[in-house]
Each structure stands twice: as C-alpha cells, then as structure tokens.
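This report concerns only the one structure given below.
Where a number appears in this text, it was derived from the coordinates with a stated rule and is not lab data. What you see is a predicted model; the values in this text were computed from it and never measured. Note that we place each Cβ from the backbone using ideal geometry, even for glycine, and neighbour counts take in every protein chain shown.
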Ligand SMILES: Cc1cc2nc3c(=O)[nH]c(=O)nc-3n(C[C@H](O)[C@H](O)[C@H](O)COP(=O)(O)OP(=O)(O)OC[C@H]3O[C@@H](n4cnc5c(N)ncnc54)[C@H](O)[C@@H]3O)c2cc1C
C-alpha cells in the first residue's frame, strides 16, 4: 500500500481532504501532519481583530474532515525532509516514511529581517500564535491607550492596522510603516487610493519609510524618526521556511519549493507542493501563495492520479482574482483587475463568502 504524507494542514490540504472525503482514495495510507488541530482562516483574522468574529468562527477543526477523508491525523511539526530516503523528521524526533509527499506548510515571516523584531515584535505568522498574543494586547487596550505600529504595507498590514484602530478606538494611536512607498504596492492604483483614503479617514498614520529597528518602547525608521510604540505588529511579506534548504528539493532564489504545472517539485516528481510554500518555475512572474485555496482541487486530482499511476493534469492559476480588503469597521474594498469598489455592501459580500467557505469545511461560519 502506498503512503501519502500530507505535510501541513493549510488551505490547500483542507481542500484535498474535502476532495478525498467526497471520493475515497483506494489502496493508500493517508496521513496529515499538522502542528495545530485547527486551521485558522487568515482572510477572517482582521475581522477577528476588529471584533466582528470570535476565534472559533474563523477556524475549522481538522479532525472531522480528516476522518471523513480516511486520513490519519498526526499532531507535530516537520523539521527536515530527506528526499533521498523519502522520510520526514518531526520536531519530537519521529521519522515518517513516505512514497508520495505533499507540502502545504505555508510561509513564515523572517524574524531577523529587522533588528529587535525577534525580541519585541508581534509576528503575524504563525497566525495561531498571533491571535493568542493579540487577545492579550486587546485586553491591555481596554485598560489604557496604546501606541501600535504595524510594520508592513501589504494587504495584511493595511487590514490589520485598520482592524486594530477599530477595536482600540480613538484614544489609542495606530501607525502603518509601509516599507518605503505607498501602501499596497502590488495592487492597482485605484485600490491604493481607496486604501489611503480609508487609513486617513480612520486616523491611521501612514509612514512611507522603512523600519530600521524595533525596541521595547520605540520603532526606529530608516530616516531616523523614532515612533513611540507599545506593540509592533510585524506583517512583512512571506518568507520560505529555512529548514527546506537541507531537503534536496529544488528551491527558487527565495527558498520556496519550485514546482511545475502539475504541482510536482521540479526536482522530485513524488513530491508535490501548493500554497504559499510553492512557486511555479514556469510562471514568468512567480509569486508564492497565489493559488493556495484554488490549487486544492487540482492538487487532490494529481495526488490521486499519481498514486494510481495515471496521467497528471496541468494546473493553470487564474491571472486575476477577486480581492477583498476589510477596512476595520464593517466596510471593505473590492477589486478585480483594474475594477474596484468599496462600501458596507462589499463587507457584507466578503462576510458571506468567508462564512460560506468556513461552513463548507466544517466550521461554524
Ligand atoms: C492577517 C492576514 C490576512 C490575510 N488575508 C488574506 C486574504 O484575505 N486573502 C488571501 O488570499 N490571502 C490572505 N492572506 C494570505 C494567506 O494567509 C495565505 O496566502 C494562505 O494562508 C496560504 O495558505 P497555505 O495553505 O499556503 O498556508 P497556510 O494556510 O499558512 O497553512 C500552512 C499550514 O502548515 C502548517 N505548518 C507550518 N509549518 C509546518 C511544519 N514544519 N510541519 C507541519 N506543518 C506545518 C501551519 O501550521 C499551517 O496550518 C492573509 C495573511 C495574513 C497574515
């Protein structure tokens, strides 16, 4: 019997298990390794920080879906992959052999990218640790006014700055350090304008500068300004897990797993990868993570076919995707290619999509 090891209970593997629950995989031993028993849906985390959702509403337990899919669930975290021996080592020393390996372990944040961040930063990943730390911060924010600095001008940084402002209220102060340019550098100009307006309207100070250092009481900017700070939320871009370097897998220049159109590793056909941890070596504009949720179904199909010795199907990620940015209060910005819109109705739209996703995967929604 072939052993399929699913590493990481992320968005793609949740979809894989759903597909396997709908149509069983014959004659294979299926195992999922996950450090956490629940998957936290990052798209709803800014809504949780803003106070719109409980933590339970924005996470799904993995065990019921695993059971329906005939997948054995092991709690643990991988620390090494030996592609020559086809085995994965876990943090507790266990070694798991595999015939087919699928990686959906997401991305990390580089804890040493900014001096002092490791000691004083509140990192948005792992998201489970962030939500725990955030609940303590929110409690403190109910007792006294806080100065919060969000470091990172991407979508997560913008959404979190607005959410934090919404929940702490006007007596606290929230700043957003963008890294140099305008917030949302990879979004269309119309969305950048809408986001800037939203930040201004809600009194979030936008600092178009880099963050040079984080200390216990300040954030030091590249141009020398010191910003008072009780909590620095670090929402820098995705970084690849460093331990992949010893695996023998082909990696791109940033350390993400290089995959081809069938989601197989460019170097090891028995290894598949999807989501934030993977890049497409055939993509002229490689960007990790753009296909985490959508890659789930094609990943499931190709894993099933590979186990059965069938022909694999290439997966073409969408060029455009609907983008929905929560603005703290029940208000959001939508974009699709060059089109954009905003309003309370966009938030209701996002809310419905997110809750439907959660309910479809065993959450309470
Ligand atoms: C605040 C915030 C808001 C966001 N909002 C959106 C949004 O609205 N829309 C959007 O498309 N994207 C959003 N993102 C980005 C989104 O989170 C990622 O693109 C998405 O989670 C990628 O899914 P994934 O399956 O690759 O990994 P993840 O969902 O991160 O899952 C990876 C899993 O692997 C596990 N894992 C990690 N290391 C190991 C290990 N060593 N061994 C075993 N398991 C391991 C993790 O615990 C986790 O369960 C947001 C990100 C943040 C931080």
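Of the numbered conditions (1) buried (at least 17 other Cβ atoms within 10 Å of the Cβ); (2) within 20 Å of the chain's Cα centre (by Cα); (3) closer than 25 Å to residue 16 by Cα; (4) within 10 Å of the ligand (Cβ to nearest atom), residue 47 fails exactly one; give the number of that condition.
(3)
Can you tell me which of 82, 110, 99 is surrounded by fewer than 20 Cβ atoms within 10 Å (Cβ to Cβ), under 17 Å from residue 130 (Cβ atoms) and out of contact with any helix residue (DSSP H, G or I) (no Cβ under 7 Å at 6 or more places or on another chain)?
Working: 82 fails: under 17 Å from residue 130 (Cβ atoms); 99 fails: under 17 Å from residue 130 (Cβ atoms).
Sole residue among the options that is surrounded by fewer than 20 Cβ atoms within 10 Å (Cβ to Cβ), under 17 Å from residue 130 (Cβ atoms) and out of contact with any helix residue (DSSP H, G or I) (no Cβ under 7 Å at 6 or more places or on another chain): 110.
Having 3 or more residues that are touching a helix residue (DSSP H, G or I) at 6+ places or on another chain (Cβ under 7 Å) and under 25 Å from residue 15 (Cα atoms) is the bar; report the strands (runs of 3 or more DSSP E) wholly within segment 322-362 that clear it. Quick ask: steps written out before the conclusion?
Numbers: elements: 323-326, 332-336, 339-343.
Here the list reads 323-326.
If residue 351 satisfies every condition in (1) under 23 Å from residue 103 (Cα atoms); (2) under 20 Å from the mean Cα position of the chain (by Cα) but one, which is the exception?
Failed condition: (1).
Got a number for residues in segment 1-16 being in contact with a helix residue (DSSP H, G or I) (Cβ under 7 Å, 6 or more places away or on another chain) and within 12 Å of the ligand (Cβ to nearest atom)?
Narrowing segment 1-16 to residues in contact with a helix residue (DSSP H, G or I) (Cβ under 7 Å, 6 or more places away or on another chain): 2, 4, 6, 9-12, 14-16.
Keeping just the survivors that are within 12 Å of the ligand (Cβ to nearest atom) gives 6, 9-12, 14-16.
So the count comes out to 8.
Any idea how many residues of segment 126-150 are farther than 16 Å from residue 55 by Cβ and within 14 Å of the ligand (Cβ to nearest atom)?
Within segment 126-150, the first condition is being farther than 16 Å from residue 55 by Cβ, and the residues that meet it are 140-150.
Filter once more, so that each one left must be within 14 Å of the ligand (Cβ to nearest atom): 150.
The total comes to 1.
Go through segment 84-112 and report how many residues are within 15 Å of the ligand (Cβ to nearest atom) and either in contact (Cβ under 8 Å) with a residue 12 or more places away in the chain or closer than 30 Å to residue 219 by Cα (or both).
Step one: list which residues in segment 84-112 are within 15 Å of the ligand (Cβ to nearest atom), which gives 87-96, 98, 101-111.
Subset that is either in contact (Cβ under 8 Å) with a residue 12 or more places away in the chain or closer than 30 Å to residue 219 by Cα (or both): 88, 90-92, 94, 96, 98, 101-111.
So the count comes out to 18.
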